[in-house]
Every structure is written in structure tokens, then in C-alpha cells.
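These notes are about the structure you will find just below.
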Amino acid sequence: MVQKGGEASKSMRVTGRLRQHYHQHLSLSRQIAIRALLAFLLTLAVVRGVTYCIHYHILPFRDLVTKSGLHIHHLFWGILLLMLVGFGALATRAPAWHLRLALVYGVALALTLDEFALWLRLADVYWSPEGRESLEAIAVAAALLALLAVGLPFWRAVARDMGIPFRGGAGRT
């Protein structure tokens, strides 16, 4: 039988090994993609959960509306964050900042794509059958981020075989 201290120690070893692998063996572009993907998925879960609770009156507040009757969709905040991330990415080449910006980018992408059907149709179709378009956009974005995060060595090898120069984390996968 394993003692509680042994389980905690084993968990710390696994966490430490994951952290070590992340920092020592992954290129900057993969670290950025992983951070963006995790922030994207976590934000989606929170936003979808809160929206569900508001829609079905589980939480004590209803739709958030200004005094003038304006409902500001979370798409608005996602677009603002995407603009800030873009400006930040243009302003610096520092890896530490790009790792931070990846988290904000994941949040902004989730806020924006969660209401993709709204900006595609210019109508609030979140809970209608057309709202499924948002879920499809979310799936495509998550797949692309995941492909970048875990598939970069594959794409590097394809580019090398085709004679195309491929930058992104010299010597790291």
C-alpha cells in the first residue's frame, strides 16, 4: 500500500520531469503553441460554462447589459485582446514576452471564436442550430494549435525533404 507522502512525491517527480522536458527539449514555437492551446481550451470551458449558466438561469445574474440596454458580447473583448497581442508581438522579439502573449492569445482566440457564428451571420445565433458554426471554428482552431504544438518535428522534416528552409527552435523539437 502506498502512503500519502509517497503519492505526493511521485506526483512531484512527474511534474518536475514534465517541466524539465518542456523547458529543455521543446522549441520556443512549440512552447508558445502549447501555452496558446491550453489557454484556449481552458477559456473555452469557462466561457461555455458561464454562458450556459446565464442562459439557463443557474447563476444569479442574467445577460449582462449596460444601462442603455447594450449587450456587449465576449467577442468584443476577444477582438480587443487580439489587437493587444498583435501589437505586443510586433513590439518585441523577446521570447519571454512571446510566451506570455501566447496565453493572452489563447484567451482572446477562445473569446472570439466562441461567437464565430455571431460575426459570420451578424446575428445572435449562439443557442440556435446556426451556433454550431462556432463549434466548428473552435474545432479547427484547436486542431491547428495542437498540430503546431505536437506536430512541428513532422513539418520540419517535410520541409527539409522538400528543400524548404524551416526556422523554429534550432536543435529542439
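Quick look at the numbers
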quantity: Any hit, the range 115-133, residues being within 14 Å of the chain's Cα centre (by Cα) and either touching a residue at least 24 places away in the same chain (Cβ under 8 Å) or assigned to a helix (DSSP H, G or I) (or both); calculated: no
quantity: Residue check, Ala146 closer than 21 Å to Leu42 by Cβ, assigned to a helix (DSSP H, G or I) and either among the polar types (S, T, N, Q) or at pLDDT 85 or above (or both); calculated: yes
quantity: Where a residue in the range 85-99 is surrounded by 13 or more Cβ atoms within 10 Å (Cβ to Cβ) and its partner, wherever it lies, is in a loop (DSSP other than H, G, I, E, B), with Cβ under 9 Å and at least six apart; calculated: His98/Thr92
quantity: Which numbered condition Leu148 misses (of (1) closer than 18 Å to Arg35 by Cβ; (2) touching a residue at least 60 places away in the same chain (Cβ under 8 Å); (3) crowded, with 19+ Cβ neighbours inside 10 Å); calculated: (3)
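Here is a yes/no grid of residues against (1) closer than 21 Å to Ala33 by Cβ; (2) polar (S, T, N, Q); (3) out of contact with any Cys (no Cβ under 8 Å at 6 or more places or on another chain):
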| residue | (1), (2), (3) |
| --- | --- |
| Thr66 | no, yes, yes |
| Gly69 | no, no, yes |
| Leu81 | yes, no, yes |
| Val85 | yes, no, yes |
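The values are calculated or read from the model by the stated rules, or taken from the named source; none is laboratory data. Just so we're clear, the structure is a prediction, and the values are computed from it rather than from any experiment. So basically every Cβ, Gly included, is an ideal-geometry build from the backbone, and we count neighbours across all protein chains shown.
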